[in-house]
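Remarks on the structure that follows.
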Amino acid sequence: MKKVLRFLFYTVVVGYAVITLGPFIWSIITSLKPTSELNTFVVNIKHLTLDNYKMIITKFPFLRWFINSAIVAAIVTFGNMLFNSMAGYALARINFPGRNLLFMVVLALMMVPGQVVMVPTYILLSKLGWVNTYMGLTIPFLTSNFGIFLMRQFFLSLPKELEEAATIDGLSRFGIFFKIVLPLSKPALATQFIFMFTGNWNSFLWPSLLTSSDDMYTLPVGLNSFYGQYYQFWNQVMAGAILLTLPTILIFLIFQRYFVKGISTTGLK
């Protein structure tokens, strides 16, 4: 009976892996196919080529789009890691009037769709002259309600004795935060890093509204304009999609160990 259950378990796992990885593998193969073989299901290994990738990189300002995405994702991600951690620490450890009410407001704002505040945010940024600028793409997103909640829950799981000992040794509140608390928060920070980087790297709606020139396009917006011109050449479209996906896969693989630990420990008190 155990062997049968084990066989069924591995069958389900393998089947799920095939269903999950199948489209991605198909995209990779399609991105390597020449245009003449797009409508065939037979894969001729000898005919696979990197010409589609070369065309995207050379014919379009791909590197500029890539740099824009990297700048925006890096600023927003590291800004969130800092400010969300500070806000989460304050809500977890510092007693001040209205702390619980403020935390409830943070929870409530997590339920508000981003589209609700998109129009007033755009009007505000337009009046500030931040349309089609890095400031408009980054500053409104330097904090996250989810990130504050994530860090607050993680800080609650840390023993207070460490901070009390640091206080006796003469460390200030900022010293405790940067020298004691943050080094112990690597799993939660890695989890936050993956969520924030992936979300901002793949962000399309806000950059498409705020950018109007090719030199300010992020990678998803630039590839969308490319898709509009080459929608009939799926091999080139898939090549662009693969190039967009690779950085997020790499980030997840690097921080996977911390990510799993951060998810499993967040919320424990």
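A 1.4 Å probe run over the protein chains yields, for segment 50-265, 53 Å² of accessible area per residue, whole-number rounding.
Positive end of the dipole of the chain (Cβ unit charges, origin at the Cα centre): among 104, 136, 154, the Cα lying farthest that way belongs to 154.
For segment 178-219, the calculated P(r) over all alpha carbon pairs, in 10 Å bins from 0 to the bin holding the longest distance, is 25, 33, 21, 19, 3 percent. Summary of packing: across the peptides 205-218, 73-86, the per-residue average of other C-beta atoms within 10 Å ranks them, highest first, as 73-86, 205-218. The calculated FRET efficiency for residue 45 paired with residue 18, based on their beta-carbon distance and R0 = 30 Å, is about 0.90. Legend: P(r) of the chain from all alpha carbon pair distances, 10 Å bins from 0, whole percents, reading 6, 21, 25, 23, 15, 7, 2, 0. Peptides 30-36, 248-254 ranked from most to least packed, by the mean per-residue count of other Cβ atoms within 10 Å: 30-36, 248-254.
Seen through its C-alpha gyration tensor, with square-root eigenvalues sorted a ≥ b ≥ c, segment 1-69 comes out oblate because a/c lies at 1.5 or above while a/b is not bigger than b/c. Full extension of the segment from residue 67 to residue 215, taken as 0.36 nm per residue of separation minus the current Cα-Cα distance, would add 52.3 nm. Per atom type, the chain shows carbon and sulfur on 71% of its accessible surface, probed at 1.4 Å. Report note on the peptides 239-245, 23-29, 8-14: ranked by the mean count of other C-beta atoms within 10 Å, highest first, their order is 239-245, 23-29, 8-14.
The values are calculated or read from the model by the stated rules, or taken from the named source; none is laboratory data. Just so we're clear, the structure is a prediction, and the values are computed from it rather than from any experiment. For neighbour counting, all protein chains shown are included, and Cβ atoms are generated from backbone atoms with ideal geometry for every residue, glycine included. Heads up: the accessible areas ignore ligands, DNA and RNA and are worked out on the full protein's heavy atoms, side chains in. Shrake-Rupley method; radii C 1.70, N 1.55, O 1.52, S 1.80 Å.
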